[in-house]
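The values are calculated or read from the model by the stated rules, or taken from the named source; none is laboratory data. The structure presented is a predicted model; accordingly, all values stated were derived computationally and were not measured. All Cβ positions, even for glycine, are placed from backbone atoms using ideal geometry, and neighbour counts span all protein chains on display. We work out accessible area using only protein heavy atoms, side chains counted, and drop any ligands, DNA or RNA first. Shrake-Rupley method; radii C 1.70, N 1.55, O 1.52, S 1.80 Å.
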Amino acid sequence: MKLHEYQAKQVFADAGIPTPPSTLADNVDDAVAAAEEIGYPVAIKAQVQVGGRGKAGGIKLVDDADEAREAADAILGMDLKGIHVDRVLVEGAVDFVNELYVGVTMDRGEGKPVAMVSTRGGVNIEEVAEEDPDAIVREHVDPSFGMHPYQARRAVYEAGVERDVANDVASVLQTLYTLWDDRDGADAEINPLMVTSDREVIAADAVMNIDEDALFRQPELAEMEEDAAGGDDLEAKADEYGFDYVRLDGNVGIIGNGAGLVMTTLDLVDHYGGKPANFLDIGGGAKAERVTNALDMVFSDENVDSVVFNIFGGITRGDEVARGINEALEGFDEIPKPVVVRLAGTNWEEGMEILNEDLVTVEKTLEDAVQRAVANADEVDQ
C-alpha cells in the first residue's frame, strides 16, 4: 500500500521527523484559506502517486493569494500522467540551502535492510544510482538489533553531509529506519531532506509504502488504505481484480503471470529501447475472465500504445492460456492496441497453434515478443 505524501508526512511528523506546516484541500477556496493561514510563500502540491509532479505542473510555489488561487485552480482537476487530481497539499515553503536524500528499503541480494544517504537529493535517485552509484552511501542493518546510532552517523559522515547538521540528519535517518521497521514498511524515503538557511533539516517530501500483507498489524495505516488509491482508477481496478499492479510512465503495457516473469519483461522492454507502462502480474492461471480483466486495465491506460503478454504455463497449460486469450480478445468489438503474445512452459506449442493470429501477433521467444511490442509502440509515436 502506497501512502500519499500528506499521509506519509503525518506518519513522519508523529514520529518526530520535522515537516513543514501543511493543510490538505479539495477546492480552490480552501486552498487559498490554508495558504493565508500558513503564510506565504507556500507550495501547492498535487496529491497523486506519480513521479515528476513538478515537471508536469503539479507543484507550484506561490507568493500571494492571487497566485495561490491561480495555482490551485490549475492543479485541481488536472490530469497528471493519467490520474485525476482532486486534492492538493498546501505547504509552507522551505528556505533551503542544500537538498539531501535519505531512504530505507530491503536489499534482497544481501538479505538485509539497507539505509541510504546522499547529498544528491531533490532529483531522481534512481538516475543518481545508475549514473554515479558512489554518490549514495549504503548502510546494511541487522534486523535483529535494528539501526545503531553509530551506523546512522557513519552513513551520514561518509556521504559528506556537512558536520553542523550531520547529527540531525543521522537522527532523521535512524527515526526513518525505526518507522520502516515498526510499520512493516516496504520503502521509506525523504527526497529531498532540506537543509535550511537556519541549519535545520526538514522533510520536504515523504514516501512510505507498506507491506499489504502486514496491514492487520497496522490498524492506523489500514484506515488509510481506501484513501491511499486516491484517484487512480486503474489501481482500484487492480485491487478489485486481485492483481499485483504498479503504474509506470511508459507506453508498453506488460501482462504476465508471476512477478519474476513480469520483472524480466520490464527489463527487456527497457533494454530494447522501450518504456514500460506498468507492472501487471495476473497470478496463477490465465483463464478468459482474468485475461479479459487484465486487458481491460491495460487498454484503459491512455499512455499504453502496445501490449506484450508473457505467459508461462505451469499448472495452467499453454493451450488453456491460449483459449483464454482468444476468448478475451474476441469479446472486444475492436482491439484498441496491438497485442503480442509469447507462451512458454507446459503445452506451449499447442497454445501457439491455438492463438488467433487475426487478433494477436505471436512470437516464439520473449526477446522477439518484446522487440515487436516496442516497435509497435514506436510506430504509434511517429
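Quick notes on this structure:
- Of the set (1) open to solvent by 20 Å² or more (accessible area, probe 1.4 Å); (2) among the aromatic types (F, W, Y); (3) touching a residue at least 40 places away in the same chain (Cβ under 8 Å), all apply to F145 but (3).
- Test: L100 is assigned by TED's automatic domain parsing to the domain that holds Y150, of a type outside the set (S, T, Y) and within 21 Å of I202 (Cβ to Cβ): yes
- Considering residues of region 27-81 that are more than 18 Å from the chain's Cα centre (by Cα) and at pLDDT below 95 only, the residue least open to solvent (accessible area, probe 1.4 Å): G57
- Residue, nearest to H4 (Cα to Cα), within region 178-188, restricted to residues that are in contact with an Asp or Glu (Cβ under 9 Å, 6 or more places away or on another chain) and surrounded by 22 or more Cβ atoms within 10 Å (Cβ to Cβ): G185
- Identity of the residue in region 94-108, touching a Ser or Thr at 6+ places or on another chain (Cβ under 7 Å) and of a type in the set (V, I, T), that ends up modelled with the highest pLDDT: V97
- Residue among D86, D107, D134 that is under 26 Å from the mean Cα position of the chain (by Cα), over 27 Å from E235 (Cβ atoms) and either assigned by TED's automatic domain parsing to the domain that holds P41 or of a type in the set (D, E, K, R) (or both): D134
- Matching residues, region 326-382, being out of contact with any strand residue (DSSP E or B) (no Cβ under 8 Å at 6 or more places or on another chain), part of a helix (DSSP H, G or I) and under 24 Å from G258 (Cα atoms): N326, E327, A328, E349, E350, E353, I354, E367, Q371
- Selection of first residues in region 338-367 that are farther than 17 Å from E320 by Cα and among the basic types (K, R) and of second residues that are modelled with pLDDT of 90 or more and part of a loop (DSSP other than H, G, I, E, B), restricted to Cβ pairs under 6 Å at least 6 apart or on distinct chains, gives an empty result.
- Qualifying residue in region 293-302 (condition: assigned to a strand (DSSP E or B) and modelled with pLDDT of 90 or more): no
- Verdict on V114 being part of a strand (DSSP E or B), touching a Ser or Thr at 6+ places or on another chain (Cβ under 9 Å) and of a type in the set (V, I, T): yes
- Counting only helices (runs of 4 or more DSSP H) that sit wholly inside region 212-277, those with at least 3 residues that are of a type outside the set (S, T, N, Q), open to solvent by less than 80 Å² (accessible area, probe 1.4 Å) and modelled with pLDDT under 90 are 225-228, 233-241.
- Positions within region 14-33 being over 16 Å from D86 (Cα atoms) and in contact (Cβ under 8 Å) with a residue 24 or more places away in the chain, in sequence order: A15, G16, I17, P18, T19, P20, P21, S22
- Residue that is surrounded by the fewest Cβ atoms within 10 Å (Cβ to Cβ), among those in region 337-347 that are under 15 Å from F309 (Cα atoms) and of a type outside the set (A, V, I, L, M, F, W, C): G345
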